[in-house]
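Any read-out appearing in this document is the output of simple, stated calculations on the displayed coordinates, not a laboratory observation. Since the structure is predicted, the reported quantities are computational estimates derived from the model, not experimental observations. Ideal geometry is used to build each Cβ from the backbone, glycine not excepted, and the neighbour counts take in all protein chains shown.
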């Protein structure tokens, strides 16, 4: 198509041996398509097909599901008015009769359900092979993993056609993908196992950090982000991280006490990587604060502190700090996607707090203005006192001298 758009008038007769503009554009389109197909074939044959990851297999299934739904909707959109697929009239051509006979998506759904019932997985294999070939991926190994993939593909076809069948009858159903994640066992890419072909989040993040060449401050912040992720989510293969995992990480950060790494009541559990214990301790402390209005609070470790100190220990992590941690992972997964370590949309996209949410938090945390005002006489005395220089005495404050008044004042910024 690019070649067809860029053709000038002089190219028609010279390159395509025709002066007809319409024919020249059609020929150019065909030539472009042929060249793109040839380039794709050469690119795929230039390297050996690799074993697909579970994330790639799931993405292939999602593409298949979306393609079936889109094709069915497109066919329905271009049907003529008063189209009746069940009525085959004498005026229909052979092609129209055949199209109507094959039109019912429910028939296709029943067919693919029959494939699942009979375990006739060879019926779906041509479709999965074509999808794998487009990605330069080999058939999944071992055989049980491949069969799981084929069964899931047949299930996707059955579910998508069933949705189209309901829509054909006027019942609009949401196109929900039928699978949550990869269910089958795998020696090559098991969700619960990390290996050379399935590097963990921390392994890939470490490589990402080395290539970013951060300064000491950012390296420290990145290390804290990974430490939090490992303590709250674990360290699974990066390719298996879902948007649900990322959202769960954010929810846990919102409950994590801001002093989780420094305060003595959290320090031992945090050093051991047991962040669940840290959150449990913070939960007990928050419940204690909610249950009593006492000016002194007994901490979970048995020690007693002023209420203000206990409130500081129980205070959750600030949204700005959470945004910093999420930004590190968003940036890392953007690189993982670019380098083929992760397939799909960035799971950490659109998770950070926006400016409106941050402003709301700041306003909620701002101190109220219910404090008593300073008496005018006290203010006058304070402002009469010199800031740095001395004065003549307590009764001659406005005159410079060598006496420093002990009740003199200095500016102090409060919250």
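A few comments on the model shown:
- Where labels lie 7 Å past Cα in the beta-carbon direction, separation of residue 304 and residue 321 in nm: 2.8
- Potential lengthening between residue 293 and residue 217 on full extension [0.36 nm per residue; Cα-Cα distance subtracted]: 23.4 nm
- Residues 224, 115 arranged by fewest to most Cβ contacts within 10 Å: 224, 115
- Euclidean distance between Cα centres, the stretch 113-148 to the stretch 312-364, Å: 38
- Additional length obtainable on full extension of the chain from residue 207 to residue 48, 0.36 nm per residue less Cα span: 54.7 nm
- Exposure proxy order (Cβ contacts within 10 Å, fewest to most) of 201, 233: 233, 201
- Ranking of 266, 111 by neighbouring Cβ atoms within 10 Å, starting from the fewest: 111, 266.
- Sorted on the mean count of surrounding Cβ atoms within 10 Å across their residues, most packed first, peptides 340-351, 133-144 read 340-351, 133-144.
- With each label modelled as a point 7 angstrom along the Cα→C-beta vector, the residue 117-residue 247 pair spans 3.6 nm.
- Net lengthening on full extension, residue 267/residue 174 (0.36 nm per residue, minus Cα-Cα): 28.7 nm
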